[in-house]
């Protein structure tokens, strides 16, 4: 099946099995900053933005990418949003080990972009543990610093 999408600003058309996972395609592209982790959605190492929404590429089929925009962390690092998040993380002493950075950054970016009344509820759920930021009680303050 022909699948067309924009990857880090470059239009790409591929002829691949639509059920193939995006993580497999990105690994084959040998992108410098793309990381694969557990391959079963237990970590956030393979997180990318799909139409500006964080998704784990190990769960995302190529069919889901058709006519979409995919942004990896390497591309996102060129934005002002990343600079703000990085500064907030540094101030809050969020550990950026290099492995799960994409998940931390993209989840924080989504929270910042879509702040609602649900913000506090969202941060109080076990989902914050995916950030591997340490103490869940301090995670809320760490994201506030990056806003």
Test each condition in (1) at pLDDT 95 or above; (2) surrounded by fewer than 12 Cβ atoms within 10 Å (Cβ to Cβ) for residue 6 and report the one that comes out false. (2)
Report, by residue number, each residue of the stretch 65-91 that is part of a loop (DSSP other than H, G, I, E, B) and surrounded by 17 or more Cβ atoms within 10 Å (Cβ to Cβ). 68, 72
The one condition in (1) at pLDDT below 90; (2) buried (at least 20 other Cβ atoms within 10 Å of the Cβ); (3) touching a strand residue (DSSP E or B) at 6+ places or on another chain (Cβ under 6 Å) that residue 44 fails to fulfil: (3)
Looking only at residues in the stretch 47-73 that are in contact with a strand residue (DSSP E or B) (Cβ under 7 Å, 6 or more places away or on another chain) and on the phi > 0 side of the Ramachandran plot, which one is modelled with the lowest pLDDT? 51
For residues in the stretch 47-64 being free of Cβ contacts under 8 Å to residues at least 40 places away in the same chain and assigned to a loop (DSSP other than H, G, I, E, B), which is surrounded by the most Cβ atoms within 10 Å (Cβ to Cβ)? 57
Give me the pairs: first residue in the stretch 91-120 and assigned by TED's automatic domain parsing to the domain that holds residue 72, second residue outside any loop (DSSP other than H, G, I, E, B) and at pLDDT 80 or above, beta-carbon distance under 6 Å, and six or more apart or on different chains, which are they? none
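The values are calculated or read from the model by the stated rules, or taken from the named source; none is laboratory data. Note that the coordinates shown come from a computational prediction; the quantities given were computed from them, not determined experimentally. Cβ coordinates were reconstructed from backbone atoms using ideal geometry, including for glycine residues, and neighbour counts include every protein chain displayed.
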